[in-house]
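Data first, discussion second: the structure below is written as structure tokens.
Read-outs throughout are calculated quantities, based only on the coordinates presented, and are distinct from any laboratory measurement. The model shown is predicted, which means the values in this text are computed figures rather than measured ones. Using ideal geometry, Cβ is built from the backbone for each residue, glycine included, and neighbour counts are taken over all protein chains shown.
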């Protein structure tokens, strides 16, 4: 059971301060997925840390209206550290899973990376649709797990462009590598506020890409003695970081 969270249904609605109606798609989800009825209470959250309790006051075939019955509260259920996942593109279901579980585990943002061994090839004209899909998955995961913020899914970047990004001194840079010689307990995670975690695709990063990451001051992290699937590695690494930094 989730501690500290009541069982009132939650719904991501960024504009609850300026609007009291749901659009058609939102109505469909509330009525047919969450089974919301007239007079029922719902908690709306805006994705920026705020939440408020509302009551459904009008329910028509394709329309729902609400009234606020509580103050806006800013309740943080975020990780102690700001974690960003730079995830090389994986096949559809695996990438969806990574986005969903990263959001549930409190990741701040996800950067899809186009690396040399990616099986998935992005068609430029379809990138906006991909981003919308991943962001929708992220929003739904935040809605389910009780967060009042959502994990931001960024525009895809090439590996070379990502590796050139500048980072503050308060950032720990990590690349997952089966050949890595660094353990999580070796890293000063408690003394860094931001953590960037670079993870390869199904076939892993190439040797040349790993060399570039090391040259850019990424620490080569090995997650145990076994080689993990990309979607397993992301969940395992985030969870381990949360344990070591005091979030779990």
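The packing ranking of peptides 28-36, 50-58, 173-181, highest mean first, is 173-181, 50-58, 28-36, where packing means the average number of other beta carbon atoms within 10 angstrom of each residue. Cβ crowding within 10 Å ranks 107, 182 as 182, 107, fewest other Cβ atoms first.
Could you give the length gained on full extension between residue 93 and residue 121, defined as 0.36 nm per residue of separation minus the Cα-Cα distance, in nm?
The span from residue 93 to residue 121 would gain 8.6 nm if fully extended.
Remark: 189, 221 ranked as 189, 221, counting other beta-carbon atoms within 10 Å and listing the fewest first. In this calculation the C-beta distance from residue 20 to residue 247 is compared with R0 = 35 Å, giving a FRET efficiency of 0.50. Against the chain, whose longest principal axis is taken from its Cα atoms, helix 92-104 shows a tilt of about 70°. Overall shape: oblate for the range 67-108, with the ratio a/c of the largest to smallest alpha carbon gyration tensor axis at 1.5 or above and b/c at least equal to a/b. Rounded to the nearest 500, the 222 nm mean residue ellipticity of the chain from helices alone is -8000 deg cm²/dmol, with -39,500 (n - 2.57) taken per DSSP H run of at least 4 residues. Reducing the range 147-167 and the range 66-141 to their Cα centroids gives an inter-centroid distance of 10 Å. Of the residues 69, 163, 111, the one that moves most in a GNM of the chain with alpha-carbon contacts below 10 Å is 69. Sorted fewest first by neighbouring Cβ atoms within 10 angstrom, 12, 24 come out as 24, 12.
For the range 1-147, the Stokes-Einstein estimate of translational diffusion at 25 °C and a viscosity of 0.890 mPa s comes to 145 µm²/s, using the Kirkwood hydrodynamic radius over alpha-carbon pairs. The angle between the Cα long axis of helix 127-145 and the main principal axis of the chain comes to about 70°, on a 0 to 90 degree scale. Computed from Cα positions, the angle between helix 230-244 and the longest principal axis of the chain comes to roughly 80 degrees. Taking each residue as 0.36 nm, the span from residue 133 to residue 164 lengthens on full extension beyond its C-alpha to C-alpha distance by 8.4 nm.
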